[in-house]
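The values are calculated or read from the model by the stated rules, or taken from the named source; none is laboratory data. In this text, all values refer to a predicted model and were calculated from it rather than measured experimentally. Cβ placement follows ideal geometry from the backbone for every residue including glycine, while neighbour counts extend to all protein chains displayed.
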Amino acid sequence: MKRFLDVLFSLVLLIILSPLFLIISILIKLNSKGTVFFTQMRIGRNNNLFKFYKFRTMRVGTPNVATDELGDAKSYITSVGKVLRKTSLDEIPQLINILKGDMTFVGPRPALYNQYNLKELRTKAGVHALVPGVTGWAQINGRDHNDDFQKTELDRYYLNHKSLKLDLKIVLMTVFKVLRAEGILEGGNKRPQVMEQAVEHKESMSI
C-alpha cells in the first residue's frame, strides 16, 4: 500500500511541479557553473547504495561531506542555493528517487556513503531495514541539531511505531517546519552543545 501511494503521489507531484522544476533548473544554470542536479551515493535499505538526487545548491569543487562537517558551509553555497535550501526546494528531485523505489516519502533520511558512524548505529538499531525517506521523525524533531546517536534513537522510535497515521503527522509537521525554516544549520553554525554530545557519545563508545 505504501509503495502504491509513493508511486501515485510522486508521479502527480512531478507533473504538477514540472514548471517549477524547469524554472529552478534555469536559475541554477544562470547562477553558477556546473550541473543542475547534485548526485551523491547514499545508503539505502539494508545498507545498499543508491544514487541520490537534489538540485545543486553548492559550487563545483565543494568537499563531498555532510554539510554540518564543512567549516564554513555558507562560503560554498550559491545565491540561488541559499533560497533553495531555506525553502527545501532543493529536495524536489528526490521524487525521482521515490519513483525508482530508492526512497519513500517518510522514513529515515539516507546517510552519506561515508557516514560510517551513523551507518553502524542504524544497523545495530535495525533502522537500516527501513526504506529511507524525504522526511522523517528525526527531521521534525531537531533535524540538523541532532548528532548521529540522537538521529538513530529518533529513527528507532519511527521503526517501532511506524503507521500511516504517524506518516501523515510527519508530513504535516514537515510542511510546518519548512515554512518556518526550523532546524537548519550550516557548517560552523552547529550548536556547541550538540557537538559536545557527539563527542561524549564517541568517548562512551570507546570505553
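Look at the range 155-179: where a residue is farther than 24 Å from Gly44 by Cα and a partner is modelled with pLDDT under 95 and hydrophobic (A, V, I, L, M, F, W, C), sitting 6+ places away or on another chain with Cβ atoms under 6 Å, you get Lys177/Ile140.
In this structure, Ser25 does not qualify as modelled with pLDDT under 95, over 18 Å from Leu130 (Cβ atoms) and not hydrophobic (A, V, I, L, M, F, W, C). The condition of being crowded, with 22+ Cβ neighbours inside 10 Å and of a type outside the set (Gly, Ala, Ser) holds for only one of Arg122, Arg109, that being Arg122. Among the hydroxyl-bearing types (Ser, Thr, Tyr) and in contact (Cβ under 8 Å) with a residue 40 or more places away in the chain: does that describe Thr62? Judged against the criteria, Thr62 is not a match.
Could you please let me know if Arg143 is in contact with a helix residue (DSSP H, G or I) (Cβ under 8 Å, 6 or more places away or on another chain), of a type in the set (D, E, K, R) and without any contact (Cβ under 8 Å) to a residue 40 or more places away in the chain? For Arg143, the condition - in contact with a helix residue (DSSP H, G or I) (Cβ under 8 Å, 6 or more places away or on another chain), of a type in the set (D, E, K, R) and without any contact (Cβ under 8 Å) to a residue 40 or more places away in the chain - is not met.
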